[in-house]
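The values are calculated or read from the model by the stated rules, or taken from the named source; none is laboratory data. Quick caveat, the model's predicted, so the values are computed rather than measured. Every residue, glycine among them, receives a Cβ derived from its backbone with ideal geometry; neighbour counts consider all protein chains shown.
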Amino acid sequence: MLPGETAPSGRSADRAMARRLSQLDRGPLRGEFLSQGSFLYMEEFLPADATARLVAAVAAVEGAVNRNYLPGHKQGGSVSRHTIDELAPFIAELYRSPALTAWLGELAGERLQASPPDDAHAYALYFYTRAGDHIGWHYDTSYYRGRRYTLLLGVIDESSCRLEYELHTREPEVPNLPGSVQYPPGSLVFFDGDKLKHRVTPARAGERRVSLTFEYVTDPRMHAGWRLISNMKDAVAYFGLRQVFGRGRKRSASPSRSDAT
């Protein structure tokens, strides 16, 4: 928990998001989302106070970053939802905002739900802080029975890293459309994880980039075999064995569950 922060009520973040979302014209945004093959970028999205609290959350978890290197695919640091729950609960509060979840569902055109309590990827921070930190081309593949939507929020960007993507790769009748954004603090990227091919270009020495990912699903059920595969991927490529199979599993049993960009 951040210094001076009380236990989240689950209401302050939701009230702030409800005010912000009431200012947005949903119709044109949904039209843009659909025309781009389930993809939307907004340079200014979060309220300024929410962005500031996310920056403070980064400082709170920085000592718990788990670094990984997969030759030919990724290099960087990650902090899973389990550690975030302990050290930066405002992020969990924002993730569970009913106003935000409903608004995203209206963009997607279907009801979205929070990922299950044992999903380490439900909300996570990703750090690009050393030369060469990057992630290669990938989809945010859903192992769930339904679809999985990714929300990226810019937190810190003192880098030359760019999110590069290709639209319409799952639509044979539509030409692929490449794009690239360098999303600043407070910005939004929202997409269907199975449809957007994307990557983050390598950081240079002395640069710093931190992004926050929220994952929402249309059906939280998952076959046990796929759950094992998903957990192994998270443990090896992102959060470490202890987070996924130790502390995370233990916490999910108590009252309280991709790839990253």
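Points worth noting:
- Some residue of the range 123-142 being in a loop (DSSP other than H, G, I, E, B) and under 15 Å from Tyr41 (Cα atoms): no
- Residue check for Asp140: among the acidic types (Asp, Glu), modelled with pLDDT under 95, crowded, with 21+ Cβ neighbours inside 10 Å and under 25 Å from Ala60 (Cβ atoms): no
- Considering the conditions (1) more than 16 Å from Leu151 (Cβ to Cβ); (2) among the aliphatic types (A, V, I, L, M); (3) surrounded by fewer than 22 Cβ atoms within 10 Å (Cβ to Cβ), Ala92 is excluded by exactly one of them, (1).
- Selection from the range 169-190 of residues that are surrounded by 12 or more Cβ atoms within 10 Å (Cβ to Cβ) and in contact with a Lys or Arg (Cβ under 8 Å, 6 or more places away or on another chain): Thr169, Arg170, Val181, Gln182
- Checking each residue in the range 119-176 for being charged (D, E, K, R) and closer than 23 Å to Arg53 by Cα picks out Asp157, Glu158.
- Yes/no for Ser38 being touching a Lys or Arg at 6+ places or on another chain (Cβ under 7 Å) and under 26 Å from Pro220 (Cβ atoms): yes
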